[in-house]
Amino acid sequence: QVQLVESGGGLVQDGGSLRLSCAASGSISSINVMGWYRQAPGKQRDFVALITPDGIANYAEPVRGRFTISRDNAKNTMYLQMNTLRPDDTAVYYCNAKSYYGTTIAWGQGTQVTVTQ
């Protein structure tokens, strides 16, 4: 099994920055792609960004150019650097791990990000 623990959320003003972390433990060797998703109140959980073991990243259009995903395989940790935050970035952010078959093998518990005007 894989366990994911997020940290780094909080309250920030419009235009501010935050960095989220996701620490993985357990069956690390089963993890392929890792990613971030977010869910705003009353809305579905949406894709934010993903990163392959080789560091290839992909971003959702609303965050491209503002957010940067990275991964330290030696520390089994993934990061999301969020710059130029906006109120519509407010959501619970979830870490996700996928297997080499493309199936989700773990979700984190989520970390709240709140951006105020």
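The values are calculated or read from the model by the stated rules, or taken from the named source; none is laboratory data. Keep in mind that what you see is a predicted model, and the values were worked out from it rather than measured. Note that each Cβ is placed from the backbone with ideal geometry, even for glycine, and that neighbours are counted across all protein chains shown. Side chains are part of the model used for accessible areas, which takes the heavy atoms of the whole protein and leaves out ligands, DNA and RNA. Shrake-Rupley method; radii C 1.70, N 1.55, O 1.52, S 1.80 Å.
Give segment 75-92 a look and list any residue that's open to solvent by less than 50 Å² (accessible area, probe 1.4 Å), over 15 Å from G55 (Cβ atoms) and either free of Cβ contacts under 8 Å to residues at least 12 places away in the same chain or outside any helix (DSSP H, G or I) (or both), or say none.
Passing the criteria: M82, L85, T90, A91, V92.
What number of residues within segment 26-64 satisfy the criterion of being among the β-branched types (V, I, T) and in contact with a Leu (Cβ under 6 Å, 6 or more places away or on another chain)?
Qualifying residue count for the region: 1.
Would you mention how many residues in segment 106-117 are in contact with a helix residue (DSSP H, G or I) (Cβ under 6 Å, 6 or more places away or on another chain) and either open to solvent by 50 Å² or more (accessible area, probe 1.4 Å) or free of Cβ contacts under 8 Å to residues at least 40 places away in the same chain (or both)?
Here the count works out to 1.
From the set of residues in segment 54-74 that are aliphatic (A, V, I, L, M) and open to solvent by 30 Å² or more (accessible area, probe 1.4 Å), which is farthest from Y37 (Cα to Cα)?
The residue in question is A74.
How many residues does segment 16-47 contain that are open to solvent by 50 Å² or more (accessible area, probe 1.4 Å), closer than 13 Å to V113 by Cα, modelled with pLDDT of 95 or more and not polar (S, T, N, Q)?
Total satisfying the criteria: 1.
Just need a number here: residues in segment 81-99 that are touching a helix residue (DSSP H, G or I) at 6+ places or on another chain (Cβ under 9 Å) and either at pLDDT below 95 or closer than 12 Å to Y37 by Cβ (or both).
Number satisfying all stated conditions: 1.
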